[in-house]
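The values are calculated or read from the model by the stated rules, or taken from the named source; none is laboratory data. Treat the numbers as computed from the prediction; the structure is a model and nothing was measured. As a convention, Cβ positions derive from the backbone with ideal geometry for all residues, glycine included, and neighbour counts pool all protein chains shown.
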Amino acid sequence: MECRASAVWDGSPIKGKGAVTTQNGALRGTHYVAQATKVGGGRTTNSAELIAAAHAASFSIALSDTLNRAGFKAERIVTTATVTSEDLSMEDWTITGILLEVVAEVPAAKLSDFIEAAVGAKTGCSIGRLLNTKVSLNARLEN
């Protein structure tokens, strides 16, 4: 399976701007800037925010799959990914951590089943495996 996206960048890193488009059109000429601190009004994103969205989505799918394989059907999984970036003087802006916060409705699961599945999904999540950073997890089960 292949997925494709394209990005165009005009200008310098500080004053420049860009646009990102995905193959399926979910993002079409979406404006982005270099640093999270520059995101302001309007529909502008940045690389860290796009990574957060990809990680939240991938983790939610991985958790659903892990629960399903354990015999539990999730009714709803809500994941928020918070990406922390720091300006490391020698390396420029670097993602230094990601916090996944998940709340799930899994009626038949016990808390221990859910926590085991959440930890397994964190380890098995394709985006989490891709990133070379610390990933923390807060998980809450609602029945």
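Points worth noting:
- When we screen Phe59, Phe72 for residues that are among the aromatic types (Phe, Trp, Tyr), closer than 25 Å to Val102 by Cα and in contact with a Cys (Cβ under 8 Å, 6 or more places away or on another chain), the only hit is Phe59.
- Between Ala19, Ala104, Ala81, the distinction of being over 17 Å from the mean Cα position of the chain (by Cα), on the phi < 0 side of the Ramachandran plot and either not small (Gly, Ala, Ser) or not in a helix (DSSP H, G or I) (or both) belongs to Ala19 only.
- Scan of segment 84-143 for residues that are among the β-branched types (Val, Ile, Thr) and closer than 30 Å to Pro13 by Cα, ordered by number: Thr84, Thr94, Ile95, Thr96, Ile98, Ile127, Thr133, Val135
- Out of Ala117, Ala121, Ala62, Ala53, sole residue that is part of a helix (DSSP H, G or I), closer than 25 Å to Tyr32 by Cβ, of a type in the set (A, V, I, L, M) and in contact (Cβ under 8 Å) with a residue 12 or more places away in the chain: Ala53
- Some residue of segment 102-110 being in contact (Cβ under 8 Å) with a residue 12 or more places away in the chain and out of contact with any strand residue (DSSP E or B) (no Cβ under 8 Å at 6 or more places or on another chain): yes
- Close Cβ contacts (under 8 Å, 6 or more residues apart or on different chains) running from residues in segment 12-26 that are closer than 16 Å to Glu2 by Cα to residues that are surrounded by 10 or more Cβ atoms within 10 Å (Cβ to Cβ) and of a type in the set (Ser, Thr, Tyr) comprise Thr21/Ser6; Thr21/Thr30.
- Extreme residue, nearest to Ala118 (Cα to Cα), among residues of segment 74-104 that are surrounded by fewer than 19 Cβ atoms within 10 Å (Cβ to Cβ), touching a helix residue (DSSP H, G or I) at 6+ places or on another chain (Cβ under 7 Å) and modelled with pLDDT of 95 or more: Thr80
- Residue pairs meeting the criteria (Cβ under 7 Å; at least 6 apart or on separate chains; first in the same structural domain as Asn132 (by TED's automatic domain parsing), in segment 83-100; second modelled with pLDDT under 75 and surrounded by 14 or more Cβ atoms within 10 Å (Cβ to Cβ)): Ser85/Ala36; Trp93/Gln35
- Output for segment 17-27, where each listed residue is in contact with an Asp or Glu (Cβ under 9 Å, 6 or more places away or on another chain) and exposed (fewer than 13 other Cβ atoms within 10 Å of the Cβ): Gln23
- Single residue of Ile51, Ile61, Ile14 found to be of a type in the set (Val, Ile, Thr) and buried (at least 19 other Cβ atoms within 10 Å of the Cβ): Ile51
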